[in-house]
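Okay, structure first, notes after.
The values are calculated or read from the model by the stated rules, or taken from the named source; none is laboratory data. In this text the structure is predicted, and so the values were computed from the model without any measurement. Cβ sites come from the backbone with ideal geometry, for glycine too, and all protein chains shown count toward neighbours. Ligands, DNA and RNA are excluded from the accessible area calculation, which covers all protein heavy atoms including side chains. Shrake-Rupley method; radii C 1.70, N 1.55, O 1.52, S 1.80 Å.
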Amino acid sequence: MRRRPGMGGLQTAAAARDQYILLGENVAKLRTDLMKEQLSTFRSQLEDFARKHKNDIKKNLVFRSQFHEMCAKVGVDPLASNKGFWAELLGIGDFYYELGNDLV
């Protein structure tokens, strides 16, 4: 492959580098947007699951522990706060979570 001598070659290389940087930024933005959309969908489905299985989560210690473990793996802590969205949805907070973990 023949190298381009002089200023023209340097300018072409710089332009190509800038295009690659721009392309990389666009790909990163698309991936970020897709990930946000997937997390939003997952959160919505997790909320639906929690509503549907609210009684099982409250009554079954093993199921509650497994639900909490699954949530923790994706960065959601539905049982940690007694004032948050999840506590309102499930009707449980720190006290009940700790009590359940002590028994499992």
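Okay, here's what the table says:
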quantity: Verdict on Arg17 being open to solvent by 100 Å² or more (accessible area, probe 1.4 Å), at pLDDT 90 or above and not in a loop (DSSP other than H, G, I, E, B); calculated: yes
quantity: Enumerated helices (runs of 4 or more DSSP H) restricted to region 22-104, each holding at least 2 residues that are in contact with a Gly (Cβ under 6 Å, 6 or more places away or on another chain) and either surrounded by 10 or more Cβ atoms within 10 Å (Cβ to Cβ) or at pLDDT below 85 (or both); calculated: 61-73
